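A short worksheet on the structure shown next.
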Amino acid sequence: MRIGVPKETKTLEGRVALVPAAAGDLVRRGYEVWLEKGAGIKSGFKDAEYAALGINIAPDAATLYDKGELIVKVKEPIEGDLALLRKDHMLFCYLHLAAEPALTRRLLDIGLTGIAFETVELPNGDLPLLAPMSVIAGKIAVQVGTHLLHQPEGGKGKLLGGLPSTERGKVVVFGAGQAGSASAALAAAGGANVVVFEMRQDRMDQMMRLGNNVTTLYPYADVVAREVASADLVVGAVLVTGARAPHVLTRDMLKGMADGSVVIDISIDQGGCFETSRPTTWKEPTYVEEGVTHFCVTNMPGAVPQTSSQAICAAILPWVNKLASGSWRDNAALVKGINVEGGKLVHPALQGMKL
């Protein structure tokens, strides 16, 4: 099977799905691999590095999609990509279709098989291809939030970690999965007081072990409103596999926050978990609602493409090999990852969505 790796076209997206070493491994396994010219540049990987390992360099996107049968990319296809996708393509990437009815409709019309990284699911419920990017997004959320709290950025001018004679900053995190726990860990290590809202007892226990400056609470509405009102930074990291994220922070709760506070919605790829969230890009990453700065960039890990590309590639390579071999239908995790196929919605979380 011919594997095609196109250049990412989302705004300021620098990741590449396969780094040279991984693409070279696939060549050694007997697969024909094509890379669109310049696809790895923003991640620090030159075309010559790929070519030296036997990867074919396509001069443009049209050639890449023409040559490829299994299309492996990072982010969901946008207009230029959609015009080049065919019914016989197998698409393997992040799709997040629950929040994208228009994209879903286009993929159904094309009739291809779309397998989403975020819905490849192991028997124990783990999402191995979502995990690495979730961890990166969780860390970026705190790094960006810390910066946005600076007064020149419109923030309240508070240092999260504090120091002797000053108050510590307060960070509230919704969800203690991969993204939320990464946010909580970084905020706690920086000295902030951290409150994590979580429903699972085992995850609550894990968060408590981060340090004495971490509190875990069940997300009762009145408790959420109380804790959010005194927060400097709120991070949303709520996930329902394949489905649209539920709203855990309402506009009324937001109104209780001080001007210059910051909220960051990692769940924005799945529609967002704050009532006031709307998708943004790295080019125009923020907006203000009720005096609170919102950061809702849909490709947060794209800001560190070298790290992100290495991490996602290490996660997806065994699955790419399985798909390319043609004998993947007996793999329950990959079958669970199918979102669309032959013009039909396949994943249970998407069935019944309004298109």
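The values are calculated or read from the model by the stated rules, or taken from the named source; none is laboratory data. Bear in mind that the values here come from a model prediction, so they are computed numbers and not experimental data. Backbone-built Cβ (ideal geometry, glycine too); neighbour counts: all protein chains shown.
Would you point out which residue out of Y218, Y287 is more than 20 Å from G190 (Cβ to Cβ), over 24 Å from the mean Cα position of the chain (by Cα) and of a type in the set (F, W, Y)? Outline the logic, then answer.
On the way: Y287 fails: over 24 Å from the mean Cα position of the chain (by Cα).
Of the residues listed, the single one that is more than 20 Å from G190 (Cβ to Cβ), over 24 Å from the mean Cα position of the chain (by Cα) and of a type in the set (F, W, Y) is Y218.
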What about L64, is it farther than 16 Å from W319 by Cα and touching a residue at least 60 places away in the same chain (Cβ under 8 Å)? yes
If P318 satisfies every condition in (1) in contact with a helix residue (DSSP H, G or I) (Cβ under 8 Å, 6 or more places away or on another chain); (2) outside any loop (DSSP other than H, G, I, E, B); (3) surrounded by fewer than 23 Cβ atoms within 10 Å (Cβ to Cβ) but one, which is the exception? (1)
Which residues, counting only those in region 16-39, are under 19 Å from L84 (Cβ atoms) and of a type outside the set (F, W, Y)? V16, A17, L18, E32, V33, L35, E36, K37, G38, A39
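Looking only at region 286-297, count how many residues are free of Cβ contacts under 8 Å to residues at least 60 places away in the same chain and either closer than 21 Å to Y94 by Cβ or of a type outside the set (D, E) (or both).
Of region 286-297, the ones free of Cβ contacts under 8 Å to residues at least 60 places away in the same chain are 287, 289-292, 294, 296-297.
If we keep only those that are either closer than 21 Å to Y94 by Cβ or of a type outside the set (D, E) (or both) too, we end up with 287, 291-292, 294, 296-297.
Counting residues in region 286-297 that are free of Cβ contacts under 8 Å to residues at least 60 places away in the same chain and either closer than 21 Å to Y94 by Cβ or of a type outside the set (D, E) (or both) gives 6.
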Which listed residue is in the same structural domain as A182 (by TED's automatic domain parsing), modelled with pLDDT of 95 or more and surrounded by 23 or more Cβ atoms within 10 Å (Cβ to Cβ), from T276, T293, T286: T293
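Considering only region 154-260, give the strands (runs of 3 or more DSSP E) lying wholly within it that have at least 2 residues that are buried (at least 18 other Cβ atoms within 10 Å of the Cβ) and among the hydroxyl-bearing types (S, T, Y). Walk me through how you get there before you give the answer.
Details: elements: 170-174, 193-197, 214-217, 233-236.
It comes to none.
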Tell me whether region 105-126 contains one or more residues that are at pLDDT 95 or above, of a type outside the set (S, T, Y), more than 30 Å from A332 (Cα to Cα) and assigned to a loop (DSSP other than H, G, I, E, B). no
(1) out of contact with any Phe, Trp or Tyr (no Cβ under 6 Å at 6 or more places or on another chain); (2) at pLDDT 95 or above; (3) closer than 18 Å to F92 by Cβ all hold for I78 apart from (2)
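Would you check if there is a residue in region 41-51 being over 14 Å from Q306 (Cα atoms) and either free of Cβ contacts under 8 Å to residues at least 12 places away in the same chain or in contact with a Phe, Trp or Tyr (Cβ under 6 Å, 6 or more places away or on another chain) (or both)? I'd like the intermediate steps shown before the answer.
Looking only at region 41-51, we keep the residues that are over 14 Å from Q306 (Cα atoms), and these are 47-51.
Remaining after also requiring either free of Cβ contacts under 8 Å to residues at least 12 places away in the same chain or in contact with a Phe, Trp or Tyr (Cβ under 6 Å, 6 or more places away or on another chain) (or both): 48, 51.
Within region 41-51, one or more residues are over 14 Å from Q306 (Cα atoms) and either free of Cβ contacts under 8 Å to residues at least 12 places away in the same chain or in contact with a Phe, Trp or Tyr (Cβ under 6 Å, 6 or more places away or on another chain) (or both).
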Looking for something farther than 20 Å from V135 by Cα and either assigned by TED's automatic domain parsing to the domain that holds T104 or β-branched (V, I, T) (or both) - is there at least one such residue anywhere in region 194-214? no
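If you check A245, A258, which single one turns out to be of a type in the set (A, V, I, L, M), outside the structural domain of G337 (by TED's automatic domain parsing) and closer than 22 Å to E198 by Cβ? Lay out the reasoning, then the answer.
Numbers: A258 fails: closer than 22 Å to E198 by Cβ.
The match here is A245.
I'm checking my understanding of the structure. Among residues of region 321-355 that are of a type in the set (S, T, N, Q) and assigned to a loop (DSSP other than H, G, I, E, B), which one is farthest from G24 (Cα to Cα)?
Taking region 321-355 as the starting set, the residues that turn out to be of a type in the set (S, T, N, Q) are 321, 325, 327, 331, 339, 351.
Filter once more, keeping what is assigned to a loop (DSSP other than H, G, I, E, B): 327, 331, 351.
Details: S327: 21, N331: 24, Q351: 38 Å.
Out of the qualifying residues, it is Q351.
For every residue, the table says whether it meets (1) free of Cβ contacts under 8 Å to residues at least 40 places away in the same chain; (2) in the same structural domain as V16 (by TED's automatic domain parsing); (3) out of contact with any Leu (no Cβ under 8 Å at 6 or more places or on another chain).
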residue	(1), (2), (3)
G80	no, yes, yes
L85	yes, yes, no
M90	no, yes, no
A98	no, yes, no
T104	no, yes, no
L108	no, yes, no
E118	no, yes, no
L122	no, yes, yes
Q143	no, no, no
